Each structure stands twice: as C-alpha cells, then as structure tokens.
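Peer 1: Structure provided below as structure tokens; questions to follow.
The values are calculated or read from the model by the stated rules, or taken from the named source; none is laboratory data. Small disclaimer: the values here were computed from a predicted structure and weren't measured. Here the Cβ is made from the backbone with ideal geometry for all residues, glycine too, and neighbour counts use every protein chain on show.
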C-alpha cells in the first residue's frame with residue numbers, strides 16, 4: 001500500500017495504465033525473439049489494467065508500442081479513473097485481467113488470500129535479487145501470510161515536495177522555508193503582500209480525497225517520526241489517537257489559514273487534482289504554491305516549463321521524511337508470455353524506455369514518445385541519462401540511491417486496509433475540507449477500521 005531510515009528525496013510520479021476485456025487471456029507460443037537479457041514469446045497478445053489516463057495513458061501506450069515492435073508482441077492496456085473499484089468488480093465477477101498495476105499495495109494480500117494472484121516464487125522470480133534491485137521495503141509490501149510475495153515493483157513516485165512560482169519568489173525575495181513554521185509564516189507574508197499562497201484540488205472521481213491524505217501523511221512523518229508513522233498505518237495506534245488529531249491541526253494551520261487558499265476551502269473538494277497547477281500559470285499567478293507529486297508537471301500548460309520549481313516539504317520538530325507511493329504489478333494469470341513480459345519491463349533496459357519521451361541518451365529502444373512525461377525508475381541501476389530534463393535526472397539519481405539503500409517507503413493510505421486507505425480516509429479528508437470537525441472525522445475512520 002516505514003520503519004526505516006528516512007531521507008529527503010524528490011521524484012516524478014509514475015502512473016500506470018492497462019487494459020481489460022473478456023478476450024484478454026489469449027497468448028501465442030510461437031518462436032521467441034531475444035533482445036538484451038530476456039525473451040518474450042513472439043505474438044504474445046494480452047491486456048493489462050491500471051489507473052492512468054490522458055497523457056500518462058498515452059505514454060504507457062507508447063512504451064508498449066516500443067516493446068511490441070522489438071518483441072513481436074501485441075500487448076495493450078486500458079486506464080481507468082476508477083481503477084480500484086473496477087478491479088474489485090472484475091475479480092469478484094470472475095473476470096480479472098491477466099495482469100494489473102496497482103498503486104494500492106494494501107490490496108495485494110487481500111487478492112492473494114482469495115486465491116486470485118500468482119506468487120513471485122511460483123513464477124520463478126529471484127526474490128533476493130529483486131530485494132537488492134527494487135528495495136526490500138517495497139518487496140515486503142507484497143509479502144503475505146503464506147510467506148510468498150505477490151507484488152512486483154515497477155515504478156515509484158515521491159510526494160514530499162512543494163511546487164512554488166520561482167519568478168514571483170525571486171521578485172518578492174521570498175526565502176525557501178526550511179520548517180513548517182517557516183511555511184506558515186511565508187503564507188502569511190504572501191497574503192499580506194496581496195496574493196494567495198496556495199492552490200488545492202481534492203477531486204479524483206471515486207478516489208477523491210487522496211491529495212489531502214498526502215498532506216497528512218507528510219505531517220505525520222515529520223511530527224512524530226517513522227516509528228509512529230509505521231504504527232499508524234499498521235493500526236498499532238488508533239486512527240483517532242491524539243497524535244493524529246494534532247497532525248490534522250497542523251495541516252489546518254495551512255488549509256484553514258485566513259486567505260491562504262485560492263477560492264476558499266469550500267470548493268476544493270470539487271476541483272480535479274489535475275487542475276491543481278493551472279491557476280499558478282496565470283499572469284499574474286493566482287496562487288504561488290501547491291503540494292503534489294512531481295507527476296503533476298505532466299499537467300502543466302504548454303510553455304510553462306521553468307516557472308514552477310520545487311522545494312522539500314519542510315521539517316517539523318527537526319524530522320524529515322521521504323513519503324511516496326508507486327505502482328506495483330500483480331499477476332492474476334501467470335501465462336508464460338505474461339511472466340516473461342513483466343520480467344522484461346522491470347529491467348533497466350526497458351525502464352529506460354519508460355523513463356522519458358526519447359529514452360534520453362541511454363536507451364537502446366528509444367522512449368515512449370509523449371512529450372513532457374517522465375517517470376522515475378523502479379530499479380536501482382537505471383541510468384539518469386534515460387531522462388531528458390535536468391530536474392528528472394536529479395530526481396532519478398535520488399530515487400535510485402533510495403532504492404539501493406532500501407530507504408524508499410510508501411504513503412500510509414496505500415498501506416492501510418482498502419476500506420480505509422481507499423475509502424474512509426479519503427472521504428474523511430473531503431468531509432474535513434468542508435468543515436467537519438477533526439475529532440468527528442478521525443472517530444468515524446477508527447470506527448470503520450476492519451476487524452483484525
């Protein structure tokens with residue numbers, strides 16, 4: 001869906017996409033073709049299912065087209081804004097996709113315990129090598145009670161950053177805040193200077209509310225540290241613990257600050273998260289800051305490059321953190337062609353294709369072909385030269401270092417039971433943004449936590 005050493009890392013969100021359908025489960029077992037270190041059956045035909053749409057979906061199409069052209073396969077995908085709900089419906093209806101990409105690791109063992117998934121051990125993956133290449137923490141998110149692994153790390157994202165309007169910061173001589181107190185003070189100064197500091201947007205279809213959970217998670221990490229953070233998502237402390245209430249209050253210092261939010265807080269729940277950055281690109285900008293994963297740069301308006309920069313989410317009580325998510329492959333039907341394709345996709349060779357439109361200077365197969373979309377590597381050995389922009393190269397260097405040192409960790413909502421992390425936590429944040437008292441929100445989430 002953190003009991004580790006924390007480091008501050010930036011990154012570009014990797015979203016995934018896929019496809020489904022009743023006729024998905026067809027593969028051909030013709031002669032094989034070889035490129036790099038792995039083979040895939042020529043003519044393999046299947047679909048995968050995942051969350052991305054729009055530009056992110058187009059980039060995944062481009063990646064698969066590049067893969068298909070080399071391997072002689074015919075692999076397609078379908079993205080859905082209601083991925084979690086639709087995947088559950090398909091599994092319950094006896095029509096799961098062959099393979100899916102989930103941003104919610106907490107759902108992996110649920111499907112595994114239902115007998116719906118194939119384990120990595122049974123598919124012939126080298127667990128020790130994968131732990132070394134992709135991080136043991138990420139691998140352990142798919143480690144279920146039977147002692148087998150069911151999640152295959154593919155590409156991560158990081159969310160512990162804040163975007164800011166660099167030209168206006170320079171013009172007004174604003175300093176980058178190092179502490180959360182500095183961030184609040186900066187917001188107050190921006191209001192005093194006649195501008196609005198923040199843009200917020202929480203709408204995301206059936207997943208509405210998740211952008212707000214990212215704020216709370218970053219605050220929980222910094223206010224209480226990694227150990228308490230881990231206790232929180234594992235429900236070793238209740239969701240309505242006073243420490244969680246305090247985290248809401250800290251978030252409220254920004255969200256409910258007088259004049260801090262463009263348009264006021266009442267409408268935030270109705271604004272799609274993809275539109276978060278748009279007001280900052282007006283002339284003059286309607287807001288100067290927003291918090292999102294770096295993937296949001298894929299939704300910047302054309303010509304907006306160079307205006308928005310990022311700084312690390314500030315410290316609280318001296319604590320830093322690296323909070324993020326990621327997309328993990330899960331296999332419902334371990335046909336040989338499916339397994340071999342996945343083994344290809346998680347290698348540095350094919351991650352380089354997925355990384356950027358051209359694959360930078362390092363890819364032997366080019367890139368995915370969609371301008372402006374760059375994705376972080378899920379393998380420690382992917383070269384920063386697979387990326388086109390200096391920012392993405394720096395992000396990639398940071399993430400590969402984190403994977404190598406096993407310091408990449410997931411956000412709490414992705415690790416909580418789906419009924420909470422994909423349900424009551426999301427909806428609770430929407431209620432809170434509309435004025436429901438904090439205690440009422442946390443009590444409701446706690447009351448609905450699934451029985452152990």
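Peer 1: Does residue 117 meet the test of being in contact with a strand residue (DSSP E or B) (Cβ under 7 Å, 6 or more places away or on another chain), farther than 30 Å from residue 256 by Cα and modelled with pLDDT of 95 or more? Even if it seems obvious, please write down each step before you answer.
Peer 2: Details: in contact with a strand residue (DSSP E or B) (Cβ under 7 Å, 6 or more places away or on another chain): yes; farther than 30 Å from residue 256 by Cα: yes; modelled with pLDDT of 95 or more: yes.
Yes: the conditions hold for residue 117.
Peer 1: Being more than 23 Å from residue 413 (Cα to Cα) and buried (at least 24 other Cβ atoms within 10 Å of the Cβ) is the filter here, so list the residues in the range 99-129 that pass it.
Peer 2: Passing the criteria: only 120.
Peer 1: Looking at residue 341 and the list (1) modelled with pLDDT under 95; (2) touching a strand residue (DSSP E or B) at 6+ places or on another chain (Cβ under 7 Å); (3) not in a loop (DSSP other than H, G, I, E, B), which single condition is not satisfied?
Peer 2: It is condition (1) that residue 341 fails.
Peer 1: Listed residues 249, 241; which is closer than 20 Å to residue 321 by Cα, surrounded by fewer than 18 Cβ atoms within 10 Å (Cβ to Cβ) and at pLDDT 95 or above? Please lay out each step first, then the result.
Peer 2: Details: 241 fails: closer than 20 Å to residue 321 by Cα.
Checking each option against the conditions leaves just 249.
Peer 1: Inside the range 57-172, counting only helices (runs of 4 or more DSSP H) that do not spill past its ends, which hold 2 or more residues that are not assigned by TED's automatic domain parsing to the domain that holds residue 307?
Peer 2: Numbers: elements: 83-92, 108-113, 120-123, 127-134, 136-140, 166-172.
Fully inside the range 57-172 and qualifying: 83-92, 108-113, 120-123, 127-134, 136-140.
Peer 1: Please verify whether residue 104 is in contact with a helix residue (DSSP H, G or I) (Cβ under 7 Å, 6 or more places away or on another chain) and either on the phi < 0 side of the Ramachandran plot or at pLDDT below 95 (or both), treating the condition exactly as stated.
Peer 2: Judged against the criteria, residue 104 is a match.
Peer 1: Output the residues belonging to the range 361-390 that are part of a helix (DSSP H, G or I), touching a helix residue (DSSP H, G or I) at 6+ places or on another chain (Cβ under 8 Å) and surrounded by fewer than 19 Cβ atoms within 10 Å (Cβ to Cβ). Steps first, please.
Peer 2: First pass over the range 361-390, keeping only residues part of a helix (DSSP H, G or I): 384-386, 390.
From what is left, the residues that are touching a helix residue (DSSP H, G or I) at 6+ places or on another chain (Cβ under 8 Å) are 384-386.
Answer for the range 361-390, where residues must be part of a helix (DSSP H, G or I), touching a helix residue (DSSP H, G or I) at 6+ places or on another chain (Cβ under 8 Å) and surrounded by fewer than 19 Cβ atoms within 10 Å (Cβ to Cβ): just 385.
Peer 1: Condition first: modelled with pLDDT of 95 or more and not in a strand (DSSP E or B). Now tell me which residues in the range 286-307 satisfy that.
Peer 2: Kept after step one, since they are modelled with pLDDT of 95 or more, are these residues of the range 286-307: 286-291.
Passing the criteria: 286, 287, 288, 291.
Peer 1: Select, from 201, 212, the only residue that is buried (at least 23 other Cβ atoms within 10 Å of the Cβ) and in a helix (DSSP H, G or I).
Peer 2: Working: 201 fails: in a helix (DSSP H, G or I).
Exactly one residue qualifies, and that residue is 212.
Peer 1: Something else about it: So how many residues does the range 308-330 have that are at pLDDT 90 or above and within 22 Å of residue 101 (Cβ to Cβ)?
Peer 2: 4
Peer 1: Here is a follow-up. Can you find a residue that is assigned to a helix (DSSP H, G or I), more than 28 Å from residue 306 (Cα to Cα) and more than 23 Å from the chain's Cα centre (by Cα) anywhere in the range 219-241?
Peer 2: no
Peer 1: Please go through the range 429-452 and give me each residue that is farther than 27 Å from residue 138 by Cα and not in a loop (DSSP other than H, G, I, E, B), ordered by number.
Peer 2: If the condition is that a residue be farther than 27 Å from residue 138 by Cα and not in a loop (DSSP other than H, G, I, E, B), then 430, 431, 432, 433, 438, 439, 440, 441, 442, 443, 444, 447 are the ones that fit.
Peer 1: Can you pull out the residues in the range 393-419 that are touching a helix residue (DSSP H, G or I) at 6+ places or on another chain (Cβ under 7 Å), outside any loop (DSSP other than H, G, I, E, B) and within 18 Å of residue 218 (Cβ to Cβ)? Before the answer, list the steps.
Peer 2: First pass over the range 393-419, keeping only residues touching a helix residue (DSSP H, G or I) at 6+ places or on another chain (Cβ under 7 Å): 393, 395-397, 403, 406, 408-418.
Now narrow it down to the ones that are outside any loop (DSSP other than H, G, I, E, B): 393, 395-397, 403, 409-410, 412-415, 418.
Hits for the range 393-419 are 395, 409, 410, 412, 413, 414, 415.
Peer 1: Considering only residues that are touching a strand residue (DSSP E or B) at 6+ places or on another chain (Cβ under 7 Å) and modelled with pLDDT of 90 or more, which ones fall in the range 378-403?
Peer 2: Filtering the range 378-403 for residues touching a strand residue (DSSP E or B) at 6+ places or on another chain (Cβ under 7 Å) gives 378, 399.
378, the sole residue that qualifies.
One line per residue, one yes/no per condition, for (1) within 23 Å of the chain's Cα centre (by Cα); (2) in the same structural domain as residue 438 (by TED's automatic domain parsing); (3) buried (at least 21 other Cβ atoms within 10 Å of the Cβ); (4) not in a strand (DSSP E or B):
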{"residue": "259", "(1), (2), (3), (4)": "no, yes, no, yes"}
{"residue": "264", "(1), (2), (3), (4)": "no, yes, no, yes"}
{"residue": "269", "(1), (2), (3), (4)": "yes, yes, no, yes"}
{"residue": "284", "(1), (2), (3), (4)": "no, yes, no, yes"}
{"residue": "309", "(1), (2), (3), (4)": "yes, yes, no, no"}
{"residue": "328", "(1), (2), (3), (4)": "yes, no, yes, no"}
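Peer 1: Consider residue 123 against the criteria (1) closer than 20 Å to residue 339 by Cα; (2) out of contact with any helix residue (DSSP H, G or I) (no Cβ under 9 Å at 6 or more places or on another chain): it satisfies all of them except one. Which criterion is unmet?
Peer 2: (2)
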